[in-house]
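One structure below.
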């Protein structure tokens, strides 16, 4: 495991124990955490590792945080991967509260990554 992979795993492990700050219509809202800030702070160097984790079986809470980090990093080529994650989670039945959080984060990320003002990566 590379240093950046270890840092990502450490941040995601921290996310596992974080409780949502609030709920919006039954969907957990992701709180601002040091873990999220650390992922975003890694910048584009983290993107390939984060994208790889979207294809793995990760808990929905982690997927929601990964998508949010990708959105904040603003790496537009991630749009296709985020769109695939959205489709995958929309097809899930039954859905739990964190699945809905993933769907919401994907929709926000897609909107942001489609924005012409987002850097192309």
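Summary table below
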| quantity | calculated |
| --- | --- |
| Candidate values (1) 57; (2) 61; (3) 69, label of the one derived for percent of Cα pairs over 16 Å apart | (1) |
| Whole-angstrom gap from the stretch 7-63 to the stretch 89-111, using each part's C-alpha centre | 14 Å |
| Separation of the residue 52 and residue 5 label points, Cα + 7 Å toward Cβ, nm | 0.5 nm |
| FRET efficiency for residue 115 and residue 29, using Cβ-Cβ distance with R0 set to 25 Å, rounded to 0.05 | 0.70 |
| Residue-averaged [θ]222 nm for the chain, counting only DSSP H segments that reach four residues, each worth -39500 (n - 2.57) | -20000 deg cm²/dmol |
| Neighbour-count order for 108, 79, fewest beta carbons within 10 angstrom listed first | 108, 79 |
| Ranking of 49, 93 by count of other Cβ atoms within 10 Å, fewest first | 93, 49 |
| Residue exposure sequence - 62, 114, 68 - by fewest surrounding Cβ within 10 Å | 114, 62, 68 |
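Taken together, the values in this text are just the output of simple stated rules run on the coordinates, not laboratory data. All values reported here derive from a predicted model rather than from experimental measurement. Note that we place each Cβ from the backbone using ideal geometry, even for glycine, and neighbour counts take in every protein chain shown.
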